[in-house]
Amino acid sequence: MPTEFISVTFPNASTELNPLENPALDPQFIERYARSLDDYGFNYTLIPYDSASFDPFTIGATVVAHTKNIKIIIALRPNTIYPTVAAKSLATLDQLSGGRVVVHFIAGGSDEEQAKEGDFLDKHQRYERQEEYIRILRRVWQSSEPFDFDGRYYQFKQFHSRVRPVNGTIPVSVGGSSDDAYRIGGALADIFGLWGEPLAETKQQIDRIHAEAARARRKDRPRIWVTFRPIVAETDELAWAKAHRTLDLLKENRAKGLGKVPPSAPSPQNIGSQRLLEIASRGDVHDRALWYPTVTATNARGASTALVGSPRTIADSILDYVDLGADLISIRGYDNLNDAIDYGRYILPLVRADLAERETPRQAVA
């Protein structure tokens, strides 16, 4: 399949560089943002989840109502919706969108965050529950007859749904860096999400995912999704100056209590963030342009590794990961809307042109 690009949908104009105080949902901003992603050729947009934020299903429905092509990736925590209900909700949204829905599972990387919504399972249990959840969704979407389920976390009798996905099923995405994440994602996921690590570490993770897929006797493998936060300008020199201004603002906002995490936040529990912080301790710049001070400035909260450079440098860096086996590249910036437009104007066309040029000799030989 061709290399595809992912963005993230935001509910309003608040950004990490210019955070607004208690911002409300802004329908006009969502519409403008979604149409920009569609117009500039992004393939997917992630609708994120947070215990204190807006409902991803409703925002996702708004996005597909204002777009023609882009697919929505609904972030879902299994503790928040019973799987039979989620199966119907996702399939309903899939029908409304003409088959443009993906679901991304979040097992939960923070006990404190999970407890806010009544989830007190440990991390291993959360992954076990996620595995049951995925198996239930797929059976609901594919079963023509009522069925029972008697698992450790979910039990029901004679459930049947008349709400079917457009293409018979909905792609399932899983992310993480733990043994459980690799095992479940390798065995069950259509897509496996990784944060932006150096090429060597990313290759190790991809190999692990492929090994788990083989162990599960799959005939295929999950598509690999890698996420970056590009900081782009006309030249490399200007991009690095912009990167340091970005870093200063991230630090200032966090010191004021306006960042993603408070200044006194403890070390993160999830292995993915721990990996990013360990890599950051080894140096600021890795490979061509992978920059890690944004990781330490945000305590590795979520996707936080930057690619810094001109459009050509960023495109070449992305192609390094494509060559490594990444099928899906997620890029989102720190100035959300303006960065998405810049990526669509200057980076996506370069990457796609290079990939098309690679294909031309193959077609000529064939």
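The values are calculated or read from the model by the stated rules, or taken from the named source; none is laboratory data. Nothing here was measured: the structure is a model prediction, and the numbers come from that model. Counting neighbours? That spans all protein chains shown, and the Cβs are built from the backbone with ideal geometry, glycine included. Note: areas computed on protein heavy atoms with side chains; ligands, DNA, RNA excluded. Shrake-Rupley method; radii C 1.70, N 1.55, O 1.52, S 1.80 Å.
Please give me the summed charge of the neighbours of Ile318: other residues whose Cβ is under 13 Å from its Cβ, Lys and Arg +1, Asp and Glu -1.
So the surrounding residues net to -3.
Only four residue types carry charge here, +1 at the Cβ of Lys and Arg and -1 at the Cβ of Asp and Glu. Report the dipole size of the stretch 31-88 about the Cα centre in Debye, rounded to the nearest 20.
Here the size comes out at about 140 debye.
Using a Gaussian network for the chain with springs between C-alpha atoms less than 10 Å apart, which of these wobbles most: Gln130, Gln158, Gln28?
Per the Cα network of the chain with a 10 Å cutoff, Gln158 tops the list.
Under a point spin-label approximation (7 Å from Cα along Cα-to-Cβ), what is the Asp207-Ser144 distance to one decimal in nm?
Distance between label points: 4.5 nm.
Among the trypsin sites (Lys or Arg not before Pro) in the stretch 104-145, which ones are in a DSSP loop with at most 16 other Cβ atoms within 10 Å of the Cβ? Mind listing them?
The qualifying sites are Lys116.
Among the GluC sites (Glu not before Pro) within the stretch 92-169, which fall in a DSSP loop and have no more than 14 other Cβ atoms within 10 Å of their own Cβ?
When the GluC sites (Glu not before Pro) of the stretch 92-169 are filtered for loop state and at most 14 Cβ neighbours within 10 Å, Glu117 remain.
Determine the dipole magnitude for the stretch 230-352: charges of +1 sit on the beta-carbon of Lys and Arg, -1 on that of Asp and Glu, nothing else is charged, the reference point is the Cα centre, and the result goes in debye to the nearest 20.
480 debye
If you compute semi-axes √(5λ) of the Cα gyration tensor in Å for the structure shown, which of (1) 31, 24, 22; (2) 28, 27, 23; (3) 48, 20, 18 do you land on?
(1)
Compute the distance from the alpha-carbon center of the stretch 290-323 to that of the stretch 177-205, in whole Å.
Using only Cα atoms, the two centres lie 17 Å from each other.
Enter the accessible area per residue of the stretch 273-366 (Å², integer; probe 1.4 Å; all protein chains in place).
With all protein chains present, the stretch 273-366 gives 40 Å² per residue.
Which order do you get for Thr62, Thr360, Thr67 if you rank them by accessible area with a 1.4 Å probe, largest at the top?
Output order, biggest surface exposure first: Thr360, Thr62, Thr67.
Specify the angular offset, from 0 to 90 degrees and rounded to the nearest 10, of the alpha carbon long axis of helix 123-142 from the longest principal axis of the alpha carbons in the chain.
The angle comes out near 60 degrees.
What shape does the stretch 58-196 have by the C-alpha gyration tensor, where a ≥ b ≥ c are the square roots of the eigenvalues, rounded means a/c under 1.5, and otherwise prolate means a/b greater than b/c and oblate the rest?
Since a/c reaches 1.5 but b/c is at least a/b, the shape of the stretch 58-196 is classed as oblate.
Once you have a ≥ b ≥ c as the square roots of the Cα gyration tensor eigenvalues for the stretch 223-267, tell me rounded if a/c is under 1.5, and otherwise prolate or oblate according to whether a/b is larger than b/c.
Since a/c reaches 1.5 but b/c is at least a/b, the shape of the stretch 223-267 is classed as oblate.
Solvent-accessible area per residue for the stretch 41-177 at a 1.4 Å probe radius, Å²?
About 44 Å² of surface per residue is accessible.
Which residue fluctuates most in the GNM of the chain (Cα springs below 10 Å): Gly175, Gly257, Gly185?
Maximum among the listed residues: Gly257.
Longer than 30 Å from Cα to Cα, which of Lys123/Lys157; Lys88/Lys219; Lys71/Lys256; Lys68/Lys242 are they? Say none if no pair is.
Lys71/Lys256; Lys68/Lys242
How large, in percent, is the carbon and sulfur part of the accessible surface of the chain at a probe radius of 1.4 Å?
Of all accessible area on the chain, carbon and sulfur atoms account for 50 percent.
Where in the stretch 1-81 are there chymotrypsin sites (Phe, Trp or Tyr not before Pro) that are in a DSSP coil and have at most 14 other Cβ atoms within 10 angstrom of their Cβ?
Hits after loop and neighbour filter: nothing returned.
Quick check: the angle from helix 83-97's long axis to the longest principal axis of the chain, C-alpha only, nearest 10 degrees?
That works out to roughly 60 degrees.
Rounded if a/c is under 1.5, else prolate if a/b is larger than b/c, else oblate: which is the stretch 208-366, with a ≥ b ≥ c the root eigenvalues of its Cα gyration tensor?
oblate
Compute the helix-to-body angle for 311-324: its Cα long axis versus the longest principal axis of the chain, expressed 0 to 90° and rounded to tens.
40 degrees
Restricting to DSSP H runs of at least four residues, report the calculated mean residue ellipticity at 222 nm for the chain, -39500 (n - 2.57) per run over all residues, nearest 500 deg cm²/dmol.
Result for the chain, helices only: -14000 deg cm²/dmol.
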